[in-house]
1. Using beta carbons and a limit of 7 Å, which pairs, at least six apart or on different chains, have the first residue in the stretch 214-228 and assigned by TED's automatic domain parsing to the domain that holds Pro29 and of a type in the set (Gly, Ala, Ser) and the second one surrounded by fewer than 19 Cβ atoms within 10 Å (Cβ to Cβ) and not in a helix (DSSP H, G or I)?
2. So, in the stretch 222-273, exactly how many residues are of a type outside the set (Ser, Thr, Tyr) and within 16 Å of the ligand (Cβ to nearest atom)?
3. Being loosely packed, with under 14 Cβ neighbours inside 10 Å and under 18 Å from Phe173 (Cβ atoms) is the filter here; which residues of the stretch 206-231 pass it?
4. Only one residue in Arg192, Arg172, Arg203 is in contact with a Leu (Cβ under 6 Å, 6 or more places away or on another chain), in the same structural domain as Lys131 (by TED's automatic domain parsing) and surrounded by fewer than 24 Cβ atoms within 10 Å (Cβ to Cβ), so which one is that?
5. Within the bounds of the stretch 78-97, is there any residue that is within 14 Å of the ligand (Cβ to nearest atom), touching an Asp or Glu at 6+ places or on another chain (Cβ under 6 Å) and aliphatic (A, V, I, L, M)?
6. Filter the stretch 215-243 for residues that are in contact with a strand residue (DSSP E or B) (Cβ under 6 Å, 6 or more places away or on another chain) and either more than 20 Å from Ser333 (Cα to Cα) or assigned to a strand (DSSP E or B) (or both) and give the result.
7. Looking at the stretch 245-266, which of its residues are surrounded by fewer than 24 Cβ atoms within 10 Å (Cβ to Cβ) and part of a helix (DSSP H, G or I)?
Amino acid sequence: MDALGFARYLNTPLPIGNKIISGRMVLAPMAGLGHIAFRELVAEFGGFGLLFTGMCSAKAVPHENPSISPVFCWRRQELPYTVCQIFGATPDTMAQAARRIEQEGFFGVDLNFGCSVAAICKKGCGAVLLKTPDRAAEIVAMVRAAVSFPVFVKFRMGWSDDAAFAADMAKRFEAAGADALVFHPRVAPDRRTRPPKWDAISRVKEAVTIPVFGNGNLFAIQDGMQMTAQTGCHGLSLGRMAVARPWIFAQWTRGKSFDPGIYHATALRMASLLEHHYDMPFNLKLFKKYAPYFCANFKFSHFLLKQLNQAKSMEDLKKTIHKLFASCPETLSTPNRNLFL
Ligand SMILES: Cc1cc2nc3c(=O)[nH]c(=O)nc-3n(C[C@H](O)[C@H](O)[C@H](O)COP(=O)(O)O)c2cc1C
């Protein structure tokens, strides 16, 4: 498949539950990175089918005030293409949260059965639920019964390297009423140190009739083509590469090319969107979370990152962005992954 054929494939509409998405390339959920400001930046470039929020606590969602919550907040315009991800431990809390998310007008809800961070697993949430398949399926069933909009499940391989287990979980999720799966083929608690096992995506895809999005280490367009050809997955979920290059959706699905000025413009736009949506010092802190992914695009990434990290105010930050990126430093064809895990 060439780039044009791949773009055509990515732009093929895909039914999910009772809705249809216009494209098959989606932004993966990322806590601390997939916030309202970043989603606005991605939306300005376009080319995606859906955007996922970072994970929100299902316990908190029913009572959250979007005008003060840093995570459970959105722009009205993005609701038709945004999926809110939640983590929780009980069917009831997850169902109540999903109900609120549906009432607010999101495209759908995504249930997190993939996060293997100790703080989340200790509370009985995230990937630890894959140790109790009946409970995980019960959560999906309760959420399904509570809402009529699309229900996604994001999960990973499980706690041992066993693609048959993942395929079995996929079947259980489908039987419990999930409308689509997003599968990250890594074993918990591996946090992206070992390569994901794309073959397991094929096993999951073959086990169910609902759409399956493949996720994990999609960095170059060839990776996207290979994952699609190798696994037959229905769509691609991109995380870190979309943070490094938020225009990647437009690039892969619309064949758009961008001149080197895009880096300077993007860093400045990210800073001003963060200023618009958040106050100091939180906006600066969020920029510093984004900065390793942005700087990974350049040859002297460590030096550039160090400079950005020294900023003490948003004003300071914008001056540093001008100084470093107004004439574009030497870029790398794929980002330097030593800068982020
Ligand atoms: C900083 C960071 C935060 C993440 N937060 C979440 C999250 O809130 N929910 C989730 O399901 N996955 C989360 N992930 C995992 C990603 O969704 C994705 O599965 C992973 O990064 C692999 O995809 P990639 O290789 O395209 O980055 C996070 C990943 C990163 C790097």
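1. Partner pairs satisfying both residue conditions: Ala220/Thr334.
2. Taking the stretch 222-273 first, the residues of a type outside the set (Ser, Thr, Tyr) are 222-227, 229-230, 232-236, 238-252, 254-256, 258-262, 264-265, 267-271, 273.
From what's left, within 16 Å of the ligand (Cβ to nearest atom): 222-227, 230, 233, 235-236, 238-249, 251-252, 270.
Matching residues across the stretch 222-273 total 25.
3. Glu206, Thr209
4. Numbers: Arg172 fails: in contact with a Leu (Cβ under 6 Å, 6 or more places away or on another chain); Arg203 fails: in contact with a Leu (Cβ under 6 Å, 6 or more places away or on another chain).
After ruling out the rest, the residue left standing is Arg192.
5. Within the stretch 78-97, one or more residues are within 14 Å of the ligand (Cβ to nearest atom), touching an Asp or Glu at 6+ places or on another chain (Cβ under 6 Å) and aliphatic (A, V, I, L, M).
6. Passing the criteria: Asn215, Thr231, Cys233, His234, Gly235, Leu236, Ser237.
7. Within the stretch 245-266, Ala250, Gln251, Thr253, Arg254, Gly261, Ile262, Tyr263, His264, Ala265, Thr266 qualify.
Listed here are the residues, each with its yes/no results for (1) among the acidic types (Asp, Glu); (2) closer than 24 Å to Glu138 by Cβ; (3) within 16 Å of the ligand (Cβ to nearest atom).
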{"position": "Lys171", "(1), (2), (3)": "no, yes, no"}
{"position": "Leu181", "(1), (2), (3)": "no, yes, yes"}
{"position": "Arg186", "(1), (2), (3)": "no, no, yes"}
{"position": "Pro196", "(1), (2), (3)": "no, no, yes"}
{"position": "Val204", "(1), (2), (3)": "no, yes, yes"}
{"position": "Thr209", "(1), (2), (3)": "no, yes, no"}
{"position": "Asn215", "(1), (2), (3)": "no, no, yes"}
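The values are calculated or read from the model by the stated rules, or taken from the named source; none is laboratory data. The structure presented is a predicted model; accordingly, all values stated were derived computationally and were not measured. Positions of Cβ are generated from backbone atoms using ideal geometry, with glycine treated the same way; all protein chains shown enter the neighbour counts.
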